[in-house]
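Shown next, in structure tokens, is the structure this report addresses.
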Protein chains: 2
Amino acid sequence: MDIDIELKKRADFFNTQLEKFLEGGNPESLYEAARHLPLAGGKRLRPCFSLISCEAVKGDIIKVIPLAIALELIHNFTLIHDDIMDKSKLRRKLPTVHIKYGEPAAINAGDLLFIKAFESMHNMSVDCSTFKNVEFGFIDFIREICEGQQLDMDFENRQIINEDEYLEMIRKKTAVFFQFASEAGAILGGGTQDEINALNEYGLNAGLGFQIWDDYLDISSDETVLGKDIGNDIRNGKKTLIAVHCLNNATGNNKKLLNRIFGNIKATENEVRQVYDLFRQLKSIDHAKNTALNYIANAKKALNVLPDSDAKQLLLELADYSIKRKM
Amino acid sequence: MDIDIELKKRADFFNTQLEKFLEGGNPESLYEAARHLPLAGGKRLRPCFSLISCEAVKGDIIKVIPLAIALELIHNFTLIHDDIMDKSKLRRKLPTVHIKYGEPAAINAGDLLFIKAFESMHNMSVDCSTFKNVEFGFIDFIREICEGQQLDMDFENRQIINEDEYLEMIRKKTAVFFQFASEAGAILGGGTQDEINALNEYGLNAGLGFQIWDDYLDISSDETVLGKDIGNDIRNGKKTLIAVHCLNNATGNNKKLLNRIFGNIKATENEVRQVYDLFRQLKSIDHAKNTALNYIANAKKALNVLPDSDAKQLLLELADYSIKRKM
């Protein structure tokens, strides 16, 4: 089984449905801005999590399409609004929505995708109580995403956060997406309660693992020459798991060094290098790597209750997929 | 019956429920920003429309509270995001959310209220198919509000729009709110299909009437001294029904005058006065007034099918309420 081919097969199927769902609409100016990002491609990882989870409980994936569309629209709505908050200029190699269409239209386009996601949920052909159950989970995880986004912003202004706080932030900001996608895929696929719980656990752990692995990849990509992004993350005091671990474990002169340089926008190249060396010395980079691997292992272990199938195999590979990525 | 007392009674009851619903939440920074506007008071007109519509079909208003909260949260979410789009600094005599908490937190707080509105909808104690029916109407009108907001922004950049386009814009941006509030109040109150249709019609017409009356009030408030706002609306080329009527009916030199001055940010006081005089001369102000009165009359007429009751009387007075307002 080639995971890239399997993911692409599902993404292609999903894209046809998404394009159909986003066709038309008035005024054209609003709908064009709203289509800009969701139709710009992407791996469709969240839809894939829900589709493959459905398959793994022997469900019919056509039943998951409205949910998969809703997930992708919420993902894109958060990206559009986050890009405004972060003043980002590029996304998927294209100008961000607010750069291309202006900030007012971008805020409004994000809001439209938000409501279109709920419209898509109403296309689910399930009994009414399943509908309410799934939609309530949908509402709940979107609320957590808003909370996670705020935690992320709040952390920028705090010198020390502990590891539990960091994990809670990435759980809310990132992992709940995968958790809900997998769980809801299993519910809509008609899985047993054990299977639903297993896929919930799978999605949560995979989501946490992916996010921490991203932090690790960013900093481990090049051990001799520090990339510009890494330097800037140190100068901006970005709270990755690596930084959090280091800040919590440094003592004495190391602590003073961090206080002076980490989050100091004017830090020199040499100072940035000292912080980076401290990350290695205190084994903060190893810690992040091991934590990510641990979550991925837990994600895979959660699948034990599922019967063997191609879809289960694909979920196992999907868990490893992200931690095999190179820069 | 004193309408102010009757509205305040319902607003007070509603406020207690709203405050309870918005209590707590983590992180505090997000929830504080999200509570800033909805707990800053206001007439609670939209909740009142839904509560009194429920009463008018002999329903129990406690059943409408989750919907009323959802309506008020959506209203506040649109205000928070609109204030960012319009760069407004004050709202209900307080700094706007983005002025007080920064734009990123304001975007996020608006998004949170959006999702909390859906959370509130799930508190409705109704059978599942009524739930889906009402929620689908809720989704539909929010989509229209996004579309209306975009139309409003698009119209700023067009020289001529016709009256139908203007009416469609205010229908989507404002009137659907009152239409849905009244209709859903009747549904949740257990009204007959005739009653539900009547209250839908009532809310739509009242909403259109209110918005046009606002345009009329703004410009008719002082006939001798032109207020700063009126001058700015003319300089900014704001498309009210008055302006739309005038732009569509002016010919010859009058048309040239409008082309030169209306929407010209550098127009002098004297030029602004010439446009204002043209509004009067072409009876555009009268036209707006009569159109508003006509919608209000239609709103009241729609109530004919309802049995007589205090609540029906209150709805009749509520329709007149806004057009009795002074500046």
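Highest mobility in the GNM of chain A, judged by mean-square fluctuation with C-alpha springs under 10 Å and restricted to A:263, A:237, A:24, is found for A:24.
Accessible area drop of at least 50 Å² (1.4 Å probe, protein heavy atoms): which residues of region A:112-126 qualify, relative to the chain alone? Those residues are A:114, A:115, A:119, A:122. With everything on Cα atoms, drop me the angle between helix A:128-156 and the longest principal axis of chain A, reported from 0 to 90° to the nearest 10. So the inclination is approximately 20 degrees. Interface of A with B. Using a 1.4 Å probe and counting protein heavy atoms only, the two chains hide about 3600 Å² of accessible surface, both sides summed. Counting every pair of alpha carbons in region A:41-170, the share spaced more than 25 Å apart comes to 37 percent. I need the shape label for the protein assembly as shown. Rule: rounded when a/c is under 1.5, else prolate if a/b > b/c, else oblate, with a, b, c from the alpha carbon gyration tensor. Because a/c hits 1.5 or more and a/b exceeds b/c, the protein assembly as shown counts as prolate. Net charge near residue B:40, counting Lys/Arg +1 and Asp/Glu -1 over other residues with Cβ under 10 Å of its Cβ? So the surrounding residues net to +4.
Measuring from the axis that maps chain A onto chain B, the chain A residue with the nearest beta carbon and its rounded distance in angstrom come out as A:128, 2. Working from Cα pairs under 8 Å separated by at least six residues, relative contact order for chain B is 20 percent. In nm, to one decimal, how far is the residue B:39 label point from the residue B:156 one, both placed 7 Å along Cα→Cβ? My value for the distance between the label points is 3.2 nm. What chain B shows is 41 Å² of accessible area per residue, with the surface traced by a 1.4 Å probe over protein heavy atoms. On the beta carbon distance between residue B:32 and residue A:28, with R0 = 35 Å, the FRET formula returns roughly 0.35. Axis of helix B:284-302 versus longest Cα principal axis of chain B: the two differ by about 20°, to the nearest ten degrees.
Projecting 7 Å from Cα along the Cα-to-Cβ direction, the label point of residue B:253 sits 8.9 nm from its equivalents in the other copies, listed shortest first. To put it simply, the accessible area of the protein assembly as shown at a 1.4 Å probe is 47 percent carbon and sulfur. With its label point put 7 Å out from Cα toward Cβ, residue A:5 sits 8.0 nm from the same residue's point in the other copies, in order from shortest. Here the extension length gained between residue A:277 and residue A:122 equals 50.5 nm, from 0.36 nm per residue of separation less the Cα-Cα distance.
Comment: the Cα-to-Cβ extended label point of residue B:157, at 7 Å, lies 3.4 nm from its counterparts in the other copies, nearest first. So if R0 is 60 Å, what FRET efficiency would residue B:270 and residue A:257 give, r being the distance between their Cβ atoms, rounded to the nearest 0.05? Taking R0 as 60 Å, the efficiency between residue B:270 and residue A:257 is 0.30.
Put the Cα centre of region B:142-188 next to the Cα centre of region A:39-65 and the gap is 35 Å. The local environment of residue B:200, defined by Cβ-Cβ distances under 15 Å, has a net charge of -2 under the rule Lys, Arg +1 and Asp, Glu -1.
Highest-first packing order for the peptide set A:128-139, A:166-177 is A:166-177, A:128-139, based on the mean count of other beta carbon atoms within 10 Å.
The local environment of residue B:317, defined by Cβ-Cβ distances under 11 Å, has a net charge of -2 under the rule Lys, Arg +1 and Asp, Glu -1. Judged by a Cβ-Cβ distance under 4.7 Å, the unpaired cysteines of chain A are A:48, A:54, A:146, A:246. Using the Cβ-Cβ distance between residue A:12 and residue A:193 with R0 set to 35 Å, the FRET efficiency works out to roughly 0.60.
Each of residue A:60 and residue A:132 was given a label point 7 Å from its Cα along the Cα-to-Cβ line. The distance between the two points is 2.5 nm. Normalised Debye scattering of region A:3-324 at q = 0.09, 0.13, 0.16 Å⁻¹ gives log10 I(q)/I(0) of -0.50, -1.00, -1.34, counting only Cα atoms as equal scatterers and leaving out solvent.
The values are calculated or read from the model by the stated rules, or taken from the named source; none is laboratory data. Because the structure is predicted, anything quoted here is derived from the model rather than measured. With ideal geometry, Cβ positions are generated from the backbone for all residues, glycine too; neighbour counts draw on all protein chains shown. Quick note on the areas: whole protein, heavy atoms, side chains included, nothing else; ligands and nucleic acids left out. Shrake-Rupley method; radii C 1.70, N 1.55, O 1.52, S 1.80 Å.
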